Structures are given as C-alpha cells and as structure tokens.
Amino acid sequence: MHNLHRVHPKFSIITVTYNAGAVLEDTIQSVITQSYRNVEYIIVDGGSKDRTMEIVNKYKEHIQTVISEPDKGLYDAMNKGIRLATGDYLCFLNAGDALHEDDTLLSMVHSITGAELPDVLYGETAIVDEDGHFLRMRRLSAPETLTWKSFKAGMLVCHQAFFVRRDRVVFYDLRYRFSADFDWCIRIMKQSTNLHNTHLVLIDYLNEGMTTRNHKASLHERFRIMCRHYGFLSTVFRHAWFVVRAFIKK
C-alpha cells in the first residue's frame, strides 16, 4: 500500500495551542508556505482566552482542521490530533516552533530513496530566538543511525524533528505529565524497522527555558521511562556519573 504514496506522501502537521497568541503566527506561516503541497494542517486548541483563535481564523482557509475545547493537558490534546490526522506522516509542531525552510518537507521527501516509506523520518533541530534568529544547533544531535536504544543517551532527536508514519503511531501515555514525548518516541522506535536519517535541519525550535520545577519533574519522569524501557540497573549505571558529579559540585 505504501509504495503508491512513495513519491508523494501526505504530511499531517499538528499544532497544539493554549494561549499561544504571542508565538503562533510564525508557526502557521512556516507550514502554509511550504513548497510541498500534500499537507494537512491541524490545530488543536485547549480553549484559549487570548488572541490564539483570532490568529487561527486569519489563516483558516489554509488550515484543514481546527478544534478548540478544553482538554486534560498537552498530551491529551496531542492524542486528539492523532485521531484527526489522515496523512502518511505525523509531525507535532509546537506553537513557537517552525519548519526550518519553505522547502523542508519537499527536501525530506526527496531524501527518501527506497521503494517503501520509512517508519520514521528524522533530522536536526536549530535553536532560534523569538525573532526567529538562529542561536545554535540543539546540544544533542541526531545519531547517524537511530534505534530505540539510542535514547539511552537522552532524547537525541527533538520530538518535533521526529516524523512518524501514521500506521506506526501510538497514543501518548497520559500517566506522564512532562516527558510523555520521550516515552512516545521510544515506543514507536521499538516497533519500527526503517528509521530514515534525512540529514537535514528540519525544525527551528524556540528557545524558552522550562521552569526549574517542571525541569526537575520531567527528569524524574524521564528516569522512570528509561527504567521501564531499558531496565533499572542499566539506567542507574548510566546516571551514576551524574549523581557523583552532583555530589562533587556540592
């Protein structure tokens, strides 16, 4: 079935929003100006109180699906996006983030060589400021060859730069409040055989510091997720140095 779409896969780009009025416009523009046309754009809004929906309506003829209603948080909204998607590939593009160039999707499609559509397409991420100016590349760079074991070393591919074939997609585990995307990527990689490195910068990621409280909670969750997928001992040994280093710094 997949080789029919091989030359022309459809991308479902999903943006989850909640009071994202300050940063949403660049994200929308980066999607609707793509030179590659086989794209559906889906916006899942949590019932924003700011000008988010005003901005969405301004571009509504370019956005295939919009829902705006309360949800149980980010990952619940992302699960709604999965249910709405009809494309060959899904990508979650957060408000504030952008596709790197106008021909990013076209270049991704051109990078596919085999007769089958790969299970996952992945690439690099650039960190940008709120004006979209390049700051630096993401600290962790995508490995040449990606497997489910790669994330033992952390989230080597940014969630946004991880495009998944729709028949490989799983739902986000709502038990995790901060790091469900980490778990989601690992579960998808476990059931994927063909993970394709596009060797392209795919995403401009808006540099916004996570609050330290959330950062701590997300590290705790990530530890639990790693124990679940890679085993407790392996995870503890991998983190032992961080623990030692923290003590030395004290």
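The values are calculated or read from the model by the stated rules, or taken from the named source; none is laboratory data. Nothing here was measured: the structure is a model prediction, and the numbers come from that model. Cβ coordinates were reconstructed from backbone atoms using ideal geometry, including for glycine residues, and neighbour counts include every protein chain displayed. Accessible surface is based on the protein model in full, side chains and every heavy atom, while ligands, DNA and RNA are left aside. Shrake-Rupley method; radii C 1.70, N 1.55, O 1.52, S 1.80 Å.
Annotations for the structure displayed:
- Filter result (assigned to a strand (DSSP E or B) and either closer than 14 Å to L202 by Cα or in contact with an Asp or Glu (Cβ under 8 Å, 6 or more places away or on another chain) (or both)) within the stretch 90-99: L90, C91, F92, D97, A98, L99
- D103 vs. criteria open to solvent by less than 40 Å² (accessible area, probe 1.4 Å) and among the charged types (D, E, K, R): no
- Any hit, the stretch 210-225, residues being without any contact (Cβ under 8 Å) to a residue 40 or more places away in the chain and hydroxyl-bearing (S, T, Y): yes
- Yes/no for G96 being out of contact with any His (no Cβ under 8 Å at 6 or more places or on another chain), on the phi < 0 side of the Ramachandran plot and not hydroxyl-bearing (S, T, Y): no
- Identity of the residue in the stretch 106-132, open to solvent by 10 Å² or more (accessible area, probe 1.4 Å) and of a type in the set (D, E, K, R), that ends up farthest from I188 (Cα to Cα): D131
- The sole residue among N19, N38, N57, N79 that is without any contact (Cβ under 8 Å) to a residue 12 or more places away in the chain and among the polar types (S, T, N, Q) is N57.
- Residue, modelled with the highest pLDDT, within the stretch 195-238, restricted to residues that are over 28 Å from G132 (Cα atoms) and β-branched (V, I, T): I225
- Reported count of residues in the stretch 100-114, each being over 16 Å from T15 (Cβ atoms) and part of a helix (DSSP H, G or I), is 6.
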